[in-house]
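Everything on this sheet refers to the single structure shown next.
The values are calculated or read from the model by the stated rules, or taken from the named source; none is laboratory data. Keep in mind that what you see is a predicted model, and the values were worked out from it rather than measured. Every residue, glycine as well, gets a Cβ built from its backbone with ideal geometry; the counts of neighbours run over all protein chains shown. Side chains included, ligands, DNA and RNA excluded: accessible areas come from the protein's heavy atoms. Shrake-Rupley method; radii C 1.70, N 1.55, O 1.52, S 1.80 Å.
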Amino acid sequence: DTFGSQSKKRKGPDIRGAEEALEEGMGGFLMDIQERLATEVDLDQAKMFRRRFTNVVNVLTDLGEKLPAARIYRLAMVGRAVDILADPAPAVHRIRALADFYYSQSAVMTHKEKHKDKLERLGSLKDALEEKGEWRRVAPGIRHMRLRILLRNGPTSINVLKIDPAAASFECVQVRSRTPESFEKFVENSGAVAGISGGFFLYSEDPIDPPSMRYDPVGLLVNNARVIQPPVFRRGAFLAMEDGKTHIHAQDMSGVEIVWHKRRLMVAGCNSKARALKGPTAYTRKYGPQAPEHKGPVLQFVGGLVRLAPEDARREIPLNGFVLLCPEGEMWDELANSLAEAGQVAYHLPKIRNARVKNGMAGGPILLEGGRLRIQKEDEDFVAGLPPVTFAEDETRDMNLLPRMAIGLTPRHEIVMMAVDGRHLDYALGMTLRQTAEAMRTLGCIDALNLDGGSSKRMVITGRMVDNPSTEVRVDPGVRTPIRPVQTAILVHALKETRNSK
């Protein structure tokens, strides 16, 4: 019996025996976690997730001195980890989600225990913005606000950029940095006044088959009208258009043009279940690991690379790419051969509101649409088997408090960027997706998009990192700890002349 026997005199389970057994075997068990994860990801990642798991166990141990519930949570967390390690399925994203879930539970318990005498008097983010929110001018039309405050939902730390659409232009870039300090330098060297971390990338997926590589962007990425990564998955994206307007819009491969050798081909549909194809149809991992059986030409795409699908793998869909099924006939055979001979293609996105996309960064899910909450992960291809697996396969159903990054638009077409600190019990618990959406609405947004958060979240203003990123749980504010390099980013370039120089 895990929890021991329950006596008539005691209310609740006797967990002392289980705790003693846990103490005796904890060191070896933590190394078991690291060794198992190291078979799925590199050793540095395995060590990082083991440290995070360890830190949460330690937090629950400290809480258990005052709160019996924390002791039960600690046993439940370790018990669930034992089950995960016993399962032959990949464990890394499940262990990560488990640590985040129990950190979130311990954070809520800590907040309620530590501030139980004044919980009713604590305000909301809206109250804090009205009473303590102070904007500082970064450049004409570009303002920054830092807010660190104890709220009803817990200790909160956010950094916000608000940008007049006439004051700046936006550039979506692939960074691929490898040193913790390089993002600040990257933003500075680019001539940008500010920059934030961008969208998702391949990281803990297993296997990542060539030509895909770890850190490749997942979802749409457009840099100065060049599509670096096509919209393989239907995900919400921040779009800066050639006409100067910005939108938040979800796009898949439907209507995308494939361009090579002065020839072009439009994708007629995506993941169609119809047996008879009306035109070239793209199939992604949203459909499944394999495309439907097909007698016509089949092409495989990963980024800008294309090849005819080999006979022994005609139906296999690349993890971060797509296959294109072409109708039968000599014309389509010739077209497919021409594409395969080219080897490299470009993409043109369909126009949005009669304008072309100049820069674009996918994230997801969309948080707000027309002022209403809209968090529909399945509708944006965040489902099991699709990258990033640590986000798409989260088993906790938005119960985790995490560092977050979001971008949104106000009715005045202002652009709002918000970095939410997290994983610290004393000053920044983090937010759920729903809380992030509500915070963006409080900041005046009617449309908003989630970007990659967690350890990847970063905000730099005038060459200085203003948020507190960390891969660790329970770090001290202001103390630098290991942080994950930024892979993609949205840069803010200040314009010299603006209509509004507030």
Does Lys9 satisfy being open to solvent by 60 Å² or more (accessible area, probe 1.4 Å), modelled with pLDDT of 90 or more and out of contact with any Asp or Glu (no Cβ under 6 Å at 6 or more places or on another chain)?
no
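Residues checked against (1) open to solvent by less than 20 Å² (accessible area, probe 1.4 Å); (2) farther than 20 Å from Asp32 by Cβ:
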position: Pro88; (1), (2): no, no
position: Ile95; (1), (2): yes, no
position: Lys118; (1), (2): no, yes
position: Arg121; (1), (2): no, yes
position: Glu130; (1), (2): no, yes
position: Pro140; (1), (2): no, yes
Any residue at all in the stretch 255-265 that is open to solvent by less than 30 Å² (accessible area, probe 1.4 Å) and touching an Asp or Glu at 6+ places or on another chain (Cβ under 8 Å)?
yes
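Just checking, which of Val492, Val479 is of a type in the set (A, V, I, L, M, F, W, C) and either in contact with a helix residue (DSSP H, G or I) (Cβ under 7 Å, 6 or more places away or on another chain) or at pLDDT 90 or above (or both)? Explain how you work it out, then say what you get.
On the way: Val479 fails: either in contact with a helix residue (DSSP H, G or I) (Cβ under 7 Å, 6 or more places away or on another chain) or at pLDDT 90 or above (or both).
The match here is Val492.
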Take the residues in the stretch 410-427 that are part of a loop (DSSP other than H, G, I, E, B) and farther than 25 Å from Arg52 by Cα, then tell me which one is least open to solvent (accessible area, probe 1.4 Å).
Thr410
What's the number of the condition Val222 fails, among (1) under 25 Å from Val175 (Cα atoms); (2) open to solvent by 10 Å² or more (accessible area, probe 1.4 Å)?
(2)
Please work out which residue is most open to solvent (accessible area, probe 1.4 Å), limiting yourself to the stretch 333-356 and to residues that are within 15 Å of Leu265 (Cα to Cα) and polar (S, T, N, Q).
Gln344
Going by the structure shown, is Phe170 among the aromatic types (Phe, Trp, Tyr), surrounded by 20 or more Cβ atoms within 10 Å (Cβ to Cβ), modelled with pLDDT of 95 or more and under 27 Å from Pro365 (Cβ atoms)?
yes
Condition check: in a loop (DSSP other than H, G, I, E, B), at negative phi and in contact with a Pro (Cβ under 6 Å, 6 or more places away or on another chain). Does Asp243 satisfy that?
no
Within 29 Å of Ser169 (Cβ to Cβ), surrounded by 13 or more Cβ atoms within 10 Å (Cβ to Cβ) and in contact with a Pro (Cβ under 9 Å, 6 or more places away or on another chain), is that true of Gly360?
yes
Take the stretch 64-94 and flag every residue that is touching a Ser or Thr at 6+ places or on another chain (Cβ under 7 Å) and within 23 Å of Phe391 (Cβ to Cβ).
Val92, His93
Consider the stretch 371-389. How many of its residues are touching an Asp or Glu at 6+ places or on another chain (Cβ under 9 Å) and either of a type in the set (S, T, N, Q) or in a helix (DSSP H, G or I) (or both)?
1
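Looking only at the stretch 91-137, count how many residues are closer than 30 Å to Thr462 by Cβ and among the small types (Gly, Ala, Ser). It would help to see each step written out before you state the result.
To start, the set of residues in the stretch 91-137 that are closer than 30 Å to Thr462 by Cβ comprises 125-137.
Still in the running and among the small types (Gly, Ala, Ser): 128, 133.
Residues in the stretch 91-137 being closer than 30 Å to Thr462 by Cβ and among the small types (Gly, Ala, Ser): 2 in total.
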Counting only residues that are closer than 18 Å to Arg474 by Cα, assigned to a helix (DSSP H, G or I) and more than 21 Å from the chain's Cα centre (by Cα), the stretch 52-71 contains a total of 11
Filter result for the condition that a residue is modelled with pLDDT of 95 or more and open to solvent by 10 Å² or more (accessible area, probe 1.4 Å), over Thr436, Thr462
Thr462
Out of (1) farther than 18 Å from Ala355 by Cα; (2) touching a Leu at 6+ places or on another chain (Cβ under 7 Å); (3) of a type outside the set (Asp, Glu), the odd one out for Lys295 is which?
(2)
Would the stretch 231-250 turn up any residue that is open to solvent by 10 Å² or more (accessible area, probe 1.4 Å), more than 19 Å from the chain's Cα centre (by Cα), of a type in the set (D, E, K, R) and under 17 Å from Ala489 (Cα atoms)?
no
Just to check your reading of the model, which residue among Asn320, Asn359 is among the polar types (S, T, N, Q), in contact (Cβ under 8 Å) with a residue 60 or more places away in the chain and not in a loop (DSSP other than H, G, I, E, B)?
Asn359
Inter-residue pairs, beta-carbon under 9 Å, first free of Cβ contacts under 8 Å to residues at least 24 places away in the same chain and within 20 Å of Glu414 (Cα to Cα) and in the stretch 134-161, second open to solvent by 90 Å² or more (accessible area, probe 1.4 Å) and in a strand (DSSP E or B), 6+ apart:
Glu134/Arg146; Arg136/Arg146; Met145/Arg136
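Out of the residues in the stretch 75-90 that are modelled with pLDDT of 90 or more and not in a helix (DSSP H, G or I), state the one that is farthest from Asp42 (Cα to Cα).
Pass one, the stretch 75-90, residues modelled with pLDDT of 90 or more: 75-88.
Narrowing further to those that are not in a helix (DSSP H, G or I): 87-88.
Details: Asp87: 20, Pro88: 18 Å.
Among those residues, the one meeting the criterion is Asp87.
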Hey, any hits in the stretch 397-412 for a residue that's closer than 30 Å to Pro310 by Cβ and modelled with pLDDT under 95?
no
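Quick one: which of Met405, Met399 is among the aliphatic types (A, V, I, L, M), under 29 Å from Gln105 (Cα atoms) and assigned to a strand (DSSP E or B)? Working first, answer last.
Working: Met399 fails: assigned to a strand (DSSP E or B).
Just one listed residue meets the conditions, Met405.
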Being under 20 Å from Leu386 (Cα atoms), touching a residue at least 24 places away in the same chain (Cβ under 8 Å) and open to solvent by 50 Å² or more (accessible area, probe 1.4 Å) is the filter; apply it to the stretch 268-304 and report the residue that is farthest from the chain's Cα centre (by Cα).
Gln290
